[in-house]
Amino acid sequence: MPDRSATLVFHDGIAELLGRGVAGPEVAYPVVRRASIKDVIESLGPPHTEVGSIVVEGVEVGFGHPLSPGERMDIRSVEMPFDVTRPSFLRPRPLDRVAFIVDANVGRLAGLLRALGFDTALDPGLDDAGLARLAAEEGRVVLSRDFGLLKRRAVEFGRLVRAHEPSAQLHEILRVFGLRPPYRAFSRCVLCNAPLVPVAKAEILDRLLPLTRIHFHDFHLCPRCDKIYWPGSHHERMRERIDGIVRDLLA
C-alpha cells in the first residue's frame, strides 16, 4: 500500500509548541481526509498566530493549502521582530497600528503595557469568542497563554505568551514586536486604557489629600474613569520598574 503521509517539519521557535505525544520536530501525518495545513498544524499543537511561513517543496503557501500525500512542509515561526504593520505572505492585510488586547490569564500585563503608553484593551467580561471578535473589529494583537483562544479563526495577529511573571511578559512582548524606546510612558490610564488629559490643580483641589496639595502641581485626569494621576511615589516606583526592563531590553 502506498504511503499516504505528508511530512511536516517544525523548526525552532514553533517545534516547542507541539502537543504531548507528538514525536517532533518532524511529523509524518497520515492524509485520510481533505484538510488545510492550518487545521493540521493546530491539531498538532501550535496556534496559527505562531506560524511565520509554510513552505511546500520550495514554494511558500498559505494557511488554506490542502495537505497532500508525499509532500514535505517546512513550518517556521514568526520572525522577530514581528512588525504587524507590514504585509506578509500569510498576513497580507497588516494592522494600521500596534495595539493589543490581553485576556485575563495575562491580565497584569495590560497595566504594564498601558504604563508605557501602548493601547491595550482588557475586558474580563468577554469570553473567547467576544475577545477574538473585538480584536478583529479593532485591529488588535491578541496576547494570551490560551492555545484555544489563539486558534480561533477571527484571530489573525497574536502571541502565545511564554513568560509567567508580568515583568518578564512585558520584556517578551517588547522584544517580540520590536517595541523599543522612547515610549509615551504614563500617557494612558493603567486602569481603563484611555489617554490621559492634563487637568488644572484648581479643578481637582477638593479631591486631593493635604500633602498632595502641598507637594505636587502637575496632574492628569482619565476622562473615562475619572482617576487622577500625579508624579508621586507610586509613579516613581513604576518608573524604576520600567527603566529596569528597558535596560535589560537594550543590554
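Segment residue 74..residue 39, full-extension length gain: 11.1 nm, with 0.36 nm per residue of separation and the alpha-carbon distance subtracted. Take the Cβ atoms of residue 164 and residue 20, set R0 to 22 Å, and the FRET efficiency comes out at 0.70. Using Cβ point charges alone (K and R +1, D and E -1), the dipole size of the range 75-205 about the Cα centre works out to roughly 360 debye. If amide hydrogens are placed 1.01 Å from N in the peptide plane, which non-local residues have theirs closer than 5 Å to the one on residue 6? Placed amide hydrogens put 29, 31, 70 under 5 Å from residue 6.
First measure r as the distance between the Cβ atoms of residue 4 and residue 93, then evaluate 1/(1 + (r/R0)^6) with R0 = 25 Å and state the FRET efficiency to the nearest 0.05. My answer for the efficiency is 0.10. Per-residue surface analysis assigns residue 49 an accessible area of about 0 Å², computed on protein heavy atoms at 1.4 Å probe radius. Mean residue ellipticity, 222 nm, helices only, the chain: the sum of -39500 (n - 2.57) across DSSP H runs of n ≥ 4, divided by residue count and rounded to 500, is -8000 deg cm²/dmol. Spacing of the modelled spin labels on residue 241 and residue 154, each 7 Å from Cα toward Cβ, amounts to 3.1 nm.
Each label point was placed 7 Å from the Cα along the Cα-to-Cβ direction; for residue 147 and residue 203 their separation is 5.0 nm.
Surface analysis of the range 1-101 yields an accessible area of 54 Å² per residue, using protein heavy atoms and a 1.4 Å probe.
The phi-based Karplus calculation (6.51 cos²θ - 1.76 cosθ + 1.60; θ = phi - 60°) puts the 3J(HN,Hα) values of the range 119-136 at 5, 9, 7, 8, 9, x, x, 7, 7, 4, 5, x, 5, 4, 5, 5, 4, 5 Hz, whole numbers, x for Gly and Pro. Whole-Hz Karplus values for the range 70-87 come out as x, 6, 10, 10, 9, 10, 10, 6, 4, 6, 10, x, 8, 8, 6, 9, 10, x Hz, taken residue by residue from phi with 6.51 cos²θ - 1.76 cosθ + 1.60 and θ = phi - 60°; glycine and proline positions read x. Summarising the amide proton neighbourhood of residue 144: residues at separation of 5 or more, or on other chains, whose placed amide H is nearer than 5 Å comprise 159, 161. When a/c is below 1.5 the answer is rounded, else prolate if a/b is larger than b/c, else oblate, so apply that to the chain with a ≥ b ≥ c taken from the square roots of the Cα gyration tensor eigenvalues. The shape class here is prolate.
Taking amide H atoms as placed 1.01 Å from N in the peptide plane, the amide H of residue 121 lies under 5 Å from those of 100, 101, 102, each 5 or more residues away in sequence or on another chain. Placing R0 at 22 angstrom, the Cβ-Cβ distance between residue 133 and residue 60 gives a FRET efficiency of 0.15 after rounding to 0.05.
The values are calculated or read from the model by the stated rules, or taken from the named source; none is laboratory data. As the structure is a computational prediction, the values presented were derived from the model and not from experiment. When we count neighbours, we look across all protein chains shown, and the Cβ atoms used for this are built from the backbone with ideal geometry, even at glycine. The area values use the complete protein model at the heavy-atom level, side chains included, leaving out ligands, DNA and RNA. Shrake-Rupley method; radii C 1.70, N 1.55, O 1.52, S 1.80 Å.
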